[in-house]
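The values are calculated or read from the model by the stated rules, or taken from the named source; none is laboratory data. Note that the structure is predicted; figures quoted are calculated from it, not measured. Cβ sites come from the backbone with ideal geometry, for glycine too, and all protein chains shown count toward neighbours.
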């Protein structure tokens, strides 16, 4: 049943993801709009800047509609000639209206404006008033352009392709591992130490403190913290140790309770579970920090887990934990907090190790396979980094325009903007 | 059945949200926003659960006179006071319809005179803890630790005027040896490279973990693995 | 730290595990004394701050700038100087300022900024035509995503409950793309990163930010492609104030908040460096003693 569900799930995802490029291709059939030639109107007297002219007035690409993109060539007097352009003022008129209305101003030197206040289905015409102080000269008036929603966000095509490759490789390795192939996984010291840390608390007769970060369940780090809790709680149940888990979000409260309860059931000790193991403090960041610090100082837990999303409180927790002599295991994907945890805790799960932890602790082939799939993404990243470094080096040494443009094109695929 | 329904919901919602990221057209466009709004609505209702839990835990502590119960009394009193001040807008010049955080209201006074200094004190602890943690952590015990120590030292020195005062003599082609320049180089090159590598690793980890959850391979958050 | 065994410890051993409260005292003095004396440290503006300043300086009169107050009183000492400097610059440039908050704690700070900076220093700036306080709205990054599509869906009224349709400067606001610049203050979550990911990148809107020093390393990778500039901690604020003084001579000679913090920061850095050096000297003395002791024992 489980295998069947996974297969159907994977097939469903693949079909849905394939539907996206298909709809994009279908959307490409829409006709373009051309710019109409109209007369040039000039107001004012001498020393007027010469007008900028539209090169592109078109429905904005890959959006949900409601937007038209305008591009133009700089006025010959912007940065050159009389050099007296101060700004470009954009005027708009909807079909059926009689007057143009100013909708925005752009600084000199810029050549693009997105009018994001259009209504889909209505035709809009535009002109630019190239201004110098209080006078200006008008551009040609553009033809009427209509905005509409698209079926595919073509601006994200690169993200889509890379995403597909990585998703497919993760899914592929999940199935591959399921067939019983051997997988090598390096040791993660922080996770190897979990049993020892719980054992120490048991021997000392002191509780274990578990902090799942300060964000809600919609953050994937909190989800990772809760999945690791599932494994940790099972060992805690088996060792009959006490766990204290103060949380700062109500949904985390209910999820963590359910996770611990299930872990106690799985360990065959449902009677030992109590709702009081998890309790809510406050959503407020530093109120939470103060309360947790108080718990640490009063109860002196033998072991502290900080697994999830952390901000400035990371060092406050870790230093207080150190001062009470607790073994501390931390894990977060907040790069800015990692140095604090590394400096003050005994073990730290760094970034991706946090997400790998649950799979690592479970030891299930399927879960471990997904980690292997991640490596494909790493290989792509490494190859692209080395390739681009090489290309840019060659381009700067040989001053070759062709190599430079190739390098820039490849960089464009992997750049956000 | 108890396990299958949440798994199916996760699969459908997860997949639809991935598709919505690439399809701006209706009905997919804005789905991500709507779902995150739904989450907030649920979270607001769940807050009653959290607040209820807080009150219950502390009332139990007080009634049973457990250790440190006076702290619980302070917690409950603070909770009730701020709740009343915000809910009934006590002292609000605009009455019950005015902005909750307006100057002159009890809520604003509690915020300015109690909440602000308490919060600032907690954050200020960082300055002290950074000192004690670095005293302990930056020891030249191994080669790696020595590199870390030297980098930390250069950055600390580079962020003070003393850095420039000590090494301002390096000019011309030796200017890069001025400590502030070295500190900027450490931040801009090795630090940035490390940060980006960690971020790439995290992004891949998130993809892999999300897929495990969407495909139902990872079920720990629903309890243990046995159906 | 106090939890180790205490018998037969040499002075060097004890100093290596010095009571942390001694370090705390020194750091406390290093921070407080320069503040009490009002010492000021001027910072040269670095490119990451200067480009931010130049972007606002280059905005045409009447440009729309969205200022998001995504911080609380905890980080206000570090962030408020940046807010004040940027609000002053926007007012000089006659930009229209739209103030909002992703953090509930940011709402009061918006009001404080208006009362303490905008109203006394720029009395001609009028509410509703030159600036507006939209207040706090729940939703975190979800809020940003909705604002990108429909601004008035989430902000139908301003902070004091006035219908935004009756406010002149809200007339042509449909969504975030109608803004010329977004500035987020605060390095937590939601904050600058969320503004970049959910508004700046998809909407092609320039985003700038000011954050605490501890959050800055996380955000540096977004500069310069996704962030027009970043002010990191008191140093970033002091650099921005320096740029402001260079561009607007009326601020010359004024002791600005960021600059005052810099002296405390510099002195506390020196104290921390001293302790690191001290710790290492002790460590090496200890190590050489241990070595000679083990050699003696080996004989």
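A few remarks follow.
- Among the residues of the range A:171-182, those that are closer than 25 Å to residue A:223 by Cα and surrounded by fewer than 19 Cβ atoms within 10 Å (Cβ to Cβ) comprise A:172, A:175, A:178.
- Flag not set for residue B:86, criterion: more than 7 Å from every other protein chain (Cβ to nearest Cβ), touching a strand residue (DSSP E or B) at 6+ places or on another chain (Cβ under 8 Å), in a helix (DSSP H, G or I) and crowded, with 16+ Cβ neighbours inside 10 Å.
- Residue match in the range C:161-182 (condition: under 12 Å from the mean Cα position of the chain (by Cα) and in contact (Cβ under 8 Å) with a residue 12 or more places away in the chain): no
- Extreme residue, modelled with the highest pLDDT, among residues of the range C:5-31 that are surrounded by 11 or more Cβ atoms within 10 Å (Cβ to Cβ) and outside any helix (DSSP H, G or I): C:19
- Filter pass, residue C:131 being more than 14 Å from chain B (Cβ to nearest Cβ) and either crowded, with 23+ Cβ neighbours inside 10 Å or in contact (Cβ under 8 Å) with a residue 24 or more places away in the chain (or both): yes
- Unique match (being in contact (Cβ under 8 Å) with a residue 60 or more places away in the chain and either touching a helix residue (DSSP H, G or I) at 6+ places or on another chain (Cβ under 9 Å) or within 9 Å of chain B (Cβ to nearest Cβ) (or both)) among A:400, A:415, A:362: A:362
- Filtered residues of the range A:122-139 (kept if in contact with a strand residue (DSSP E or B) (Cβ under 6 Å, 6 or more places away or on another chain) and in a loop (DSSP other than H, G, I, E, B)): A:122, A:139
- Subset of the range B:89-108 that is over 27 Å from the mean Cα position of the chain (by Cα) and part of a helix (DSSP H, G or I) - its residue that is nearest to residue C:160 (Cα to Cα): B:97
- Scanning the range C:33-69 for residues that are over 22 Å from residue C:229 (Cα atoms), in contact with a helix residue (DSSP H, G or I) (Cβ under 9 Å, 6 or more places away or on another chain) and free of Cβ contacts under 8 Å to residues at least 24 places away in the same chain yields a single hit, C:37.
- Lone unmet requirement of (1) facing chain C (nearest Cβ under 9 Å); (2) crowded, with 17+ Cβ neighbours inside 10 Å; (3) within 21 Å of residue C:76 (Cα to Cα) for residue B:125: (1)
- In the range A:250-271, residue surrounded by the most Cβ atoms within 10 Å (Cβ to Cβ) [restricted to those that are facing chain B (nearest Cβ under 9 Å) and free of Cβ contacts under 8 Å to residues at least 12 places away in the same chain]: A:254
- Residue B:6 outside any helix (DSSP H, G or I) and either more than 25 Å from residue A:217 (Cα to Cα) or away from chain C (no Cβ under 12 Å) (or both): no
- Only residues that are surrounded by fewer than 21 Cβ atoms within 10 Å (Cβ to Cβ) and not in a loop (DSSP other than H, G, I, E, B) were counted across the range A:70-89, and they come to 3.
- Taken together, A:321, A:331 contain a single residue that is under 22 Å from the mean Cα position of the chain (by Cα), in contact (Cβ under 8 Å) with a residue 24 or more places away in the chain and assigned by TED's automatic domain parsing to the domain that holds residue A:212, which is A:331.
- Only one entry in B:194, B:205 is part of a helix (DSSP H, G or I), at pLDDT 85 or above, crowded, with 22+ Cβ neighbours inside 10 Å and within 14 Å of chain A (Cβ to nearest Cβ), namely B:205.
- Matching residues in the range B:89-120 - criterion: being on the phi > 0 side of the Ramachandran plot and either at pLDDT 85 or above or surrounded by 15 or more Cβ atoms within 10 Å (Cβ to Cβ) (or both): B:89, B:91
Matching residues to (1) under 22 Å from residue C:84 (Cα atoms); (2) part of a strand (DSSP E or B):
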| site | (1), (2) |
| --- | --- |
| C:159 | yes, no |
| C:165 | no, no |
| C:169 | yes, no |
| C:184 | yes, yes |
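- Just so you know, in the range C:32-75 the residues that are farther than 23 Å from residue A:312 by Cβ and part of a strand (DSSP E or B) include one that is nearest to the other protein chains (Cβ to nearest Cβ), and it is C:64.
- Here residue B:25 meets the list (1) modelled with pLDDT under 90; (2) assigned to a helix (DSSP H, G or I); (3) in contact with a strand residue (DSSP E or B) (Cβ under 6 Å, 6 or more places away or on another chain) almost entirely, failing just condition (2).
- Test: residue in the range A:141-164 that is in a helix (DSSP H, G or I), within 12 Å of chain C (Cβ to nearest Cβ) and touching a residue at least 12 places away in the same chain (Cβ under 8 Å): yes
- Some residue of the range C:95-108 being under 22 Å from residue C:219 (Cβ atoms) and part of a helix (DSSP H, G or I): yes
- Hey, residue C:78 under 30 Å from residue B:181 (Cβ atoms), modelled with pLDDT under 85, within 14 Å of chain B (Cβ to nearest Cβ) and within 16 Å of the chain's Cα centre (by Cα) or not: no
- Meets criteria (part of a helix (DSSP H, G or I) and surrounded by 15 or more Cβ atoms within 10 Å (Cβ to Cβ)) for residue B:45: no
- For the range A:370-397, residues that are in contact with a helix residue (DSSP H, G or I) (Cβ under 7 Å, 6 or more places away or on another chain) and either outside any helix (DSSP H, G or I) or within 17 Å of residue A:182 (Cβ to Cβ) (or both) total 4.
- Some residue of the range A:101-114 being crowded, with 20+ Cβ neighbours inside 10 Å, at pLDDT below 90 and out of contact with any strand residue (DSSP E or B) (no Cβ under 7 Å at 6 or more places or on another chain): no
Yes or no, residue by residue, for (1) touching a helix residue (DSSP H, G or I) at 6+ places or on another chain (Cβ under 9 Å); (2) more than 8 Å from chain A (Cβ to nearest Cβ); (3) surrounded by fewer than 24 Cβ atoms within 10 Å (Cβ to Cβ):
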| site | (1), (2), (3) |
| --- | --- |
| C:175 | yes, no, yes |
| C:178 | yes, no, yes |
| C:186 | yes, yes, no |
| C:194 | yes, yes, yes |
| C:197 | yes, yes, yes |
| C:205 | yes, yes, yes |
| C:208 | yes, yes, no |
| C:213 | yes, yes, yes |
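- Residue check for residue C:137: under 22 Å from the mean Cα position of the chain (by Cα) and within 9 Å of chain B (Cβ to nearest Cβ): no
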